[in-house]
Amino acid sequence: MPQLDGGGRVNAPAAPAAATAPPGFLPTALQPTTPSARAAFDARWRRVLDCVELRTPDRMPVALYASFWMAKYGGVSCQQLMYDYQGTKQLALRAAQEFDADVVAPAMVASNIYGPTLEAMDFRQLQWAGHGVGENQPYQYLDREYMLNDEYEEFLADPTGFYLRKYLPRIGGAFAGLAEMPVLPGMHYFRLVAGLRGFARPGVRAALQNLLQVAEEAERMAGHNADFAERLTALGYPRDAGGNTVSPYDFVADYFRGARGMMTDLYRKKDRLLQLLERARVWLTQLTIDNARAAGHPIVMIPIHWAPDAFMSDKQFREFYWPTFRQMMLDMIAAGLIPMPLWEADCSKRLEVIGDIPAGKCIYWFERTDMLRAREVLGDVVALRGNLSPSLMTTGTPEEVDAAVRHLAENVFHKGGKLILDCAFGLPDETPLENVRAMYAAARRYGG
Amino acid sequence: MADMTDQERQLVQLLADMQEDEALAIANRMLLEEKKNPMRVLELCRNAMDIVGKRFEAGEYFLPELVLAGEMLEKIGAVAKPLIKQGPDGEAKKLGRVLIGTVHGDLHDIGKNIVTFMLDINGFDVRDIGVDVPVKKFIEEINDYKPDVVGLSGFLTLAFDSMKETIAAFDSAGMRQRFKIMIGGGQIDETVRKYTGADAFGVNAVEAVTLCRNWMGVAA
């Protein structure tokens with residue numbers, strides 16, 4: 001696998017990187033063993049890295065990303081997709097080979113096979129097939145206050161304690177008993193020795209046992225994800241990302257305060273919120289770098305939920321959203337990672353602000369933002385990814401899909417935009433197979 | 001605002017400027033200590049919400065302000081409404097009835113709730129029938145409520161088919177011509193409007209209000 005030096009040039013694969021070379025991107029840990037797969041892998045990966053480094057690749061790369069579309073593809077239920085580790089892996093490998101994309105999302109397995117682990121923890125933040133929604137429906141997040149307006153101080157003072165005694169019991173029924181766990185900060189010497197008896201409370205005991213079971217299931221799930229990554233690589237397909245993370249703002253808004261809570265906190269809890277965003281930035285950056293290193297892949301997908309134009313003013317975006325997220329991306333870049341935020345909905349009004357990032361280090365994936373305008377504003381700063389519209393993919397004809405791919409190829413890629421072609425957010429769940437085939441055929445037809 | 005006292009003007013201004021603590025303090029003082037007419041206080045709230053809506057349309061305010069405005073209004077309403085002695089005589093005449101719900105299979109409601117709130121403060125009667133609403137329930141509610149406009153909301157791509165199916169069922173039930181249909185949600189565009197057979201789509205709460213106003217023949 002070519003290693004990249006700090007200047008962004010590709011060294012010959014045979015030349016070992018000098019120990020003193022400035023750090024480049026984290027190399028991918030997994031590589032194929034057979035020569036033909038290795039050659040295909042290298043050519044595909046080079047295409048993507050060329051885009052990241054703002055060089056023109058030999059042709060427009062195309063990505064394969066899907067979640068519950070895999071159920072339609074395989075003729076199985078969403079429920080099967082979530083619970084059948086082996087079956088889901090097989091389906092994803094079949095899709096990878098059929099559509100022959102340049103990069104393939106591990107999320108095709110990883111985002112789906114949560115069923116057994118969610119079940120073990122009696123997870124409360126999602127409704128999923130057989131648990132709140134029908135067996136043929138995708139899972140859906142429940143927007144709630146998982147941290148209350150008056151709990152900022154407690155969370156900031158003792159984050160781990162808050163996770164254990166408040167957060168875990170709220171998001172997992174199996175962890176209810178952790179609410180009775182003893183409070184550790186302040187305990188010392190004999191007070192600590194005697195205080196540990198709190199762990200023997202029946203509720204705590206049961207919750208700890210459940211925690212072990214959940215951990216074991218999560219370990220099994222992780223093993224299947226690792227196996228999928230290896231098998232994908234052996235076939236010559238690089239992963240589109242090693243994992244994912246969230247921005248500090250989305251972390252607080254989505255998973256702690258909920259939409260209403262977060263929006264009103266901008267006025268009611270401004271100082272505390274800014275403090276928590278800064279703390280969360282540090283936690284998330286470390287977690288993200290650790291996870292990327294463990295996954296052995298430089299690209300990190302970051303779905304961006306609360307940045308869209310309609311969701312807050314430019315002033316609020318610059319004050320609450322962008323500073324901590326920008327710093328997080330800078331720290332990721334310094335660690336050799338390639339941040340890949342997926343800017344959901346329409347972020348046209350943010351383009352100038354989010355362009356303030358070092359050139360040649362990120363992939364910006366856009367959902368509804370006009371890609372032509374994104375190329376104009378950001379074409380010399382970041383690689384682009386996206387963005388065939390969900391309505392076109394699900395309700396259009398193969399001819400219309402072909403025309404849409406051609407439009408992006410001609411007006412973005414062939415005009416100098418470093419575009420990785422994809423749908424707005426991967427393949428929509430309901431996309432007819434003929435439209436998917438039309439998309440990949442058109443990518444080859446117009447991407448050269 | 002010319003016919004307002006200084007205090008009334010101040011309340012409107014504080015609410016419109018998102019000064020929650022000060023606004024609630026004045027509203028509570030007017031209602032509980034000075035025994036001002038609760039109907040008048042609610043009217044002042046509506047005036048403030050008009051300003052909020054205009055600032056939203058002008059791109060000065062965004063979702064956080066709509067949500068906070070809604071919560072301030074709820075808090076004042078909770079104090080004012082028990083003090084209203086009269087029946088509904090004093091109620092302003094509503095512009096029309098809107099029935100709104102998230103189509104079956106979809107549990108998202110943030111956008112729908114904001115549309116409901118904006119229609120309400122803009123003078124519409126709104127009945128919100130929740131999320132994951134089966135076709136049958138839409139039909140029952142329409143028969144009961146007799147809306148002028150039906151709003152179908154959905155965030156997921158699966159909502160395209162649910163909307164199409166729901167509208168087709170209105171056709172089969174012979175009620176399609178009795179009301180207008182608007183759709184909205186994260187992925188909705190003109191392609192989806194055509195696919196579902198809706199009369200119009202909107203990308204935000206202000207567009208929903210504009211659509212309803214136009215259909216009811218109200219000048220903007």
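When the range B:170-200 is filtered for residues that are of a type in the set (A, V, I, L, M), within 14 Å of B:Leu99 (Cβ to Cβ) and touching a Lys or Arg at 6+ places or on another chain (Cβ under 8 Å), only B:Ile183 remains. Applying the condition of being in contact with a Lys or Arg (Cβ under 6 Å, 6 or more places away or on another chain) and in a loop (DSSP other than H, G, I, E, B) to the range A:404-435 and asking which residue is farthest from A:Leu49 (Cα to Cα) yields A:Val412.
For the range A:55-66, the count of residues that are part of a loop (DSSP other than H, G, I, E, B), within 18 Å of A:Tyr237 (Cβ to Cβ) and aromatic (Phe, Trp, Tyr) is at least one. Selection of the range A:296-353 for residues being within 14 Å of another protein chain (Cβ to nearest Cβ), under 16 Å from the mean Cα position of the chain (by Cα) and aromatic (Phe, Trp, Tyr) yields A:Trp306, A:Trp343. Inclusion of B:Asp120 among residues that are away from chain A (no Cβ under 14 Å), assigned to a helix (DSSP H, G or I), surrounded by fewer than 20 Cβ atoms within 10 Å (Cβ to Cβ) and at pLDDT below 95 is warranted. Entry remark, the range B:166-220: residues being touching a residue at least 60 places away in the same chain (Cβ under 8 Å), assigned to a helix (DSSP H, G or I) and within 14 Å of chain A (Cβ to nearest Cβ) number 3 in total.
Within the range A:386-404, residues that are more than 12 Å from chain B (Cβ to nearest Cβ) reach no partner that is buried (at least 24 other Cβ atoms within 10 Å of the Cβ) and part of a loop (DSSP other than H, G, I, E, B) with beta carbons closer than 6 Å at six or more positions or on different chains.
Looking at the structure I just gave you, is B:Ile84 more than 13 Å from every other protein chain (Cβ to nearest Cβ), closer than 17 Å to B:Phe117 by Cα and in contact (Cβ under 8 Å) with a residue 24 or more places away in the chain? Please lay out each step first, then the result.
Working: more than 13 Å from every other protein chain (Cβ to nearest Cβ): yes; closer than 17 Å to B:Phe117 by Cα: no; in contact (Cβ under 8 Å) with a residue 24 or more places away in the chain: yes.
Answer is no for this residue.
Here is a yes/no grid of residues against (1) within 14 Å of another protein chain (Cβ to nearest Cβ); (2) in a helix (DSSP H, G or I); (3) closer than 30 Å to A:Thr34 by Cβ; (4) basic (Lys, Arg):
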site	(1), (2), (3), (4)
A:Gly186	no, no, no, no
A:Ala207	no, yes, no, no
A:Ala226	no, yes, yes, no
A:Glu230	no, yes, yes, no
A:Thr233	no, yes, yes, no
A:Ala241	no, no, yes, no
A:Tyr249	yes, yes, no, no
A:Arg272	no, yes, no, yes
A:Ala280	no, yes, no, no
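The criterion of at least 1 residues that are under 21 Å from A:Gly426 (Cα atoms), within 14 Å of another protein chain (Cβ to nearest Cβ) and in contact (Cβ under 8 Å) with a residue 12 or more places away in the chain is met by the following helices (runs of 4 or more DSSP H) wholly inside the range A:76-143: A:78-83.
Restricting A:Ala218, A:Ala259 to residues that are within 14 Å of chain B (Cβ to nearest Cβ), within 21 Å of the chain's Cα centre (by Cα) and farther than 30 Å from A:Leu421 by Cβ narrows the list to A:Ala259. Does B:Ile129 count as touching a helix residue (DSSP H, G or I) at 6+ places or on another chain (Cβ under 6 Å), under 25 Å from B:Thr157 (Cβ atoms) and away from chain A (no Cβ under 14 Å)? So B:Ile129 passes the test. Can you pull out every residue in the range A:233-289 that is touching a residue at least 60 places away in the same chain (Cβ under 8 Å), in contact with an Asp or Glu (Cβ under 6 Å, 6 or more places away or on another chain) and either closer than 16 Å to A:Pro341 by Cα or among the aromatic types (Phe, Trp, Tyr) (or both)? Answer for the range A:233-289, where residues must be touching a residue at least 60 places away in the same chain (Cβ under 8 Å), in contact with an Asp or Glu (Cβ under 6 Å, 6 or more places away or on another chain) and either closer than 16 Å to A:Pro341 by Cα or among the aromatic types (Phe, Trp, Tyr) (or both): there is none. Out of the range B:93-117, which residues are within 8 Å of the chain's Cα centre (by Cα) and more than 13 Å from chain A (Cβ to nearest Cβ)? If the condition is that a residue be within 8 Å of the chain's Cα centre (by Cα) and more than 13 Å from chain A (Cβ to nearest Cβ), then B:Thr116 is the only one that fits. Of all residues in the range A:347-368, none that is within 14 Å of A:Arg326 (Cα to Cα) and touching a residue at least 60 places away in the same chain (Cβ under 8 Å) has its Cβ atom under 7 Å from the Cβ atom of a residue that is assigned to a loop (DSSP other than H, G, I, E, B) and small (Gly, Ala, Ser), 6 or more apart or on another chain. Kindly establish whether B:Arg46 is more than 12 Å from every other protein chain (Cβ to nearest Cβ), in contact (Cβ under 8 Å) with a residue 40 or more places away in the chain, more than 23 Å from A:Asp314 (Cβ to Cβ) and of a type in the set (Lys, Arg). Spelling it out, B:Arg46 is indeed more than 12 Å from every other protein chain (Cβ to nearest Cβ), in contact (Cβ under 8 Å) with a residue 40 or more places away in the chain, more than 23 Å from A:Asp314 (Cβ to Cβ) and of a type in the set (Lys, Arg).
The values are calculated or read from the model by the stated rules, or taken from the named source; none is laboratory data. Predicted, not measured: the structure shown is a model, and the values here were computed from it. Because the Cβ atoms are built from the backbone with ideal geometry, glycine has one as well, and the counts that use them run over all protein chains shown.
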